[in-house]
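The values are calculated or read from the model by the stated rules, or taken from the named source; none is laboratory data. Small disclaimer: the values here were computed from a predicted structure and weren't measured. Cβ placement follows ideal geometry from the backbone for every residue including glycine, while neighbour counts extend to all protein chains displayed. With ligands, DNA and RNA removed, areas are computed over all heavy atoms of the protein, side chains included. Shrake-Rupley method; radii C 1.70, N 1.55, O 1.52, S 1.80 Å.
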Amino acid sequence: MSTADQPSSSRSSSRLLQVLDGERRTPPPIWLMRQAGRYLPEYRAVRARAGDFLALVGDPALATEVTMQPVRRFDLDAAILFSDILVVPWAMGRDLRFETGEGPVLEPLEDREALTGLADAATMTERLEPILETVRRVRAALGRDRSLIGFCGGPWTVATYMVGGRGGEGARERTRRIALEEPGFFTDLLEALVQASVEWLVAQIAAGADAVQIFESWAMDLPEPWFRRWVILPTALIVAGVKRRFPRVPIIGFPRGAGCMLRDYVADTGVDAVSLDTGMPIRPVVRQLPTGFAIQGNLDPRIVRLGGEVMETEVRRILEDAAGVPHVFNLGHGLFPDTPPAHVARLVELVRAAG
Ligand code: CP3
């Protein structure tokens with residue numbers, strides 16, 4: 001189907017919002033997870049000026065600049081706010097550092113008592129005000145034909161970092177143990193995170209975000225009943241909370257590694273679209289989703305790093321597999337820092353040549 005066949009009465013002029021609303025577009029809109037980041041020399045220059053990652057996130061002028069860099073360079077259909085899922089625990093009062101070569105390190109949350117020290121949602125939003133200023137500036141810089149995506153982490157994933165202190169296997173193990181052994185503590189923690197996430201997404205939308213994504217990067221860590229309890233239920237509460245305030249703003253879920261649970265995640269959380277990770281085969285997955293449900297994904301970021309013929313073939317395959325459904329072209333996970341920018345430029349060119 002060519003773009004000429006599309007209904008002209010679309011709610012939004014943005015191609016991303018049209019697809020999230022259930023329309024098919026050819027070529028599909030494209031944006032990429034971690035599109036702003038270290039693989040771009042212009043990002044590394046700004047990052048060096050800011051010094052520290054959190055200082056960059058907290059500086060509206062610099063954060064606006066790095067949010068816009070990939071949109072300008074590659075003419076992408078959407079910007080994703082330059083921030084991090086861990087600004088929420090940080091603003092709740094937890095100590096957070098980003099160590100070179102190691103990633104984020106949080107002060108581990110030990111027990112139920114520590115929960116009483118967490119800042120309430122209003123205080124949290126106040127601390128995150130510089131990021132909301134970035135949202136306003138990016139919204140103004142983008143124009144109406146491009147969308148701004150706001151985001152938060154899924155409560156299970158954010159709790160993994162809060163309890164485990166970092167993202168490695170040991171931290172994930174510790175979190176799974178505590179979730180099983182101290183479900184009361186864990187329920188309270190996730191409840192606090194649900195509230196904070198609703199507040200934070202609503203604030204981003206009020207400041208100008210056109211759509212939001214919930215990154216549940218460690219969704220694969222749980223057996224079915226616990227997946228329902230610690231991933232699906234909290235996500236459903238976040239979706240309901242955001243929809244109460246902004247019923248028409250699309251919410252994209254990214255339950256990485258959800259596997260066979262994807263169908264229930266979609267049915268029971270109320271998300272408007274789902275981002276597929278690299279391991280999800282598009283055709284069989286689509287057959288399990290409601291007719292016309294929007295998907296996003298799911299090129300392996302390793303293949304973008306590799307480039308060449310393999311990338312050309314894979315892009316064609318994904319475009320063909322997703323041809324019958326509303327599809328946002330994206331990756332199955334974030335770009336690697338050693339990805340040549342020229343490969344990203346070629347990727348966008350290949351996707352735009354579709355149809
Ligand atoms: O371009 C974008 O995607 C927007 C900004 C964004 C960042 N992090 C910037 C960032 C987004 C949406 C995130 C989400 C995020 N952060 C997730 C969920 C998605 C995923 O990747 O699974 C998670 C788990 C985090 C936590 C996090 N932040 C980790 C594990 C790391 C270290 C890994 C790394 O790439 O260094 C970060 C740091 C981080 N967040 C960087 C960026 C650009 C690198 C910071 C630097 O410049 O050194």
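Just a few scattered comments:
- Working note: Karplus 6.51/-1.76/1.60 with θ = phi - 60° gives region 314-324 the couplings 5, 4, 4, 4, 5, 4, 5, 5, 9, 4, x Hz, where Gly and Pro are set to x.
- Applied to region 88-100, the Karplus parametrisation 6.51 cos²θ - 1.76 cosθ + 1.60 on θ = phi - 60° returns per-residue 3J(HN,Hα) values of 5, x, 4, 6, 7, x, 8, 5, 9, 10, 10, 9, 4 Hz, with x for Gly and Pro.
- Database remark: amide H of Thr26 closer than 5 angstrom to the amide H of Thr3 (H placed geometrically; neighbours at sequence offset of 5 or more, or on other chains; Pro and chain starts carry no H).
- Descending by average beta-carbon neighbour count within 10 Å, the peptides 249-255, 155-161 line up as 155-161, 249-255, the highest first.
- Derived scalar couplings ³J(HN,Hα) [region 259-267; Karplus, 6.51 cos²θ - 1.76 cosθ + 1.60; whole Hz; x for Gly, Pro]: x, 4, 7, 4, 4, 6, 4, 5, 5
- For Val328, the amide hydrogen comes within under 5 Å of the amide hydrogens of Ile295, Gln296, Gly297, counting only partners 5 or more places away or on other chains and with H modelled in the peptide plane.
- Of the residues His343, Gly168, Ile80, the one whose Cα sits farthest toward the positive end of the charge dipole of the chain, with +1 on the Cβ of Lys and Arg and -1 on the Cβ of Asp and Glu, is His343.
- Across every direction, the projection of the convex hull enclosing the Cα atoms of region 1-154 has a mean area of 11.2 nm².
- Kirkwood estimate for region 218-260, i.e. one over the average of 1/r between Cα atoms, Å: 11.3 Å
- Beta bridge orientation in the chain: antiparallel %, DSSP, nearest 5: 15 percent
- Mean shadow area of region 139-290 over all directions, Cα convex hull, nm²: 9.7 nm²
- Value of relative contact order over region 262-355, rounded to a whole percent, pairs C-alpha under 8 Å and six or more apart: 33 percent
- Within the shell of other residues whose beta carbon sits under 11 angstrom from the beta carbon of Val57, the net charge comes to -2, with Lys and Arg scored +1 and Asp and Glu -1.
- The Cβ shell under 14 Å around Cys152 holds other residues with a net charge of -3, Lys and Arg each +1, Asp and Glu each -1.
- Estimated inter-spin distance, Asp52 and Arg73, nm [label 7 Å along Cα→Cβ]: 2.6 nm
- Amide H contacts under 5 Å for Gly153, placed H, 5+ residues apart: Phe215
- Ligands, DNA and RNA left out, the accessible area of region 120-191 computed with a 1.4 Å probe is 49% carbon and sulfur.
- Among residues other than Glu126 with Cβ under 13 Å from its Cβ, the summed charge is -3 (Lys and Arg +1, Asp and Glu -1).
- Working ranking of peptides 94-107, 268-281 by packing, defined as the average number of other Cβ atoms within 10 Å per residue, highest first, is 268-281, 94-107.
- Relative counts (whole %) of C-alpha pair distances in the chain, using bins that are 20 Å wide: 31, 62, 7
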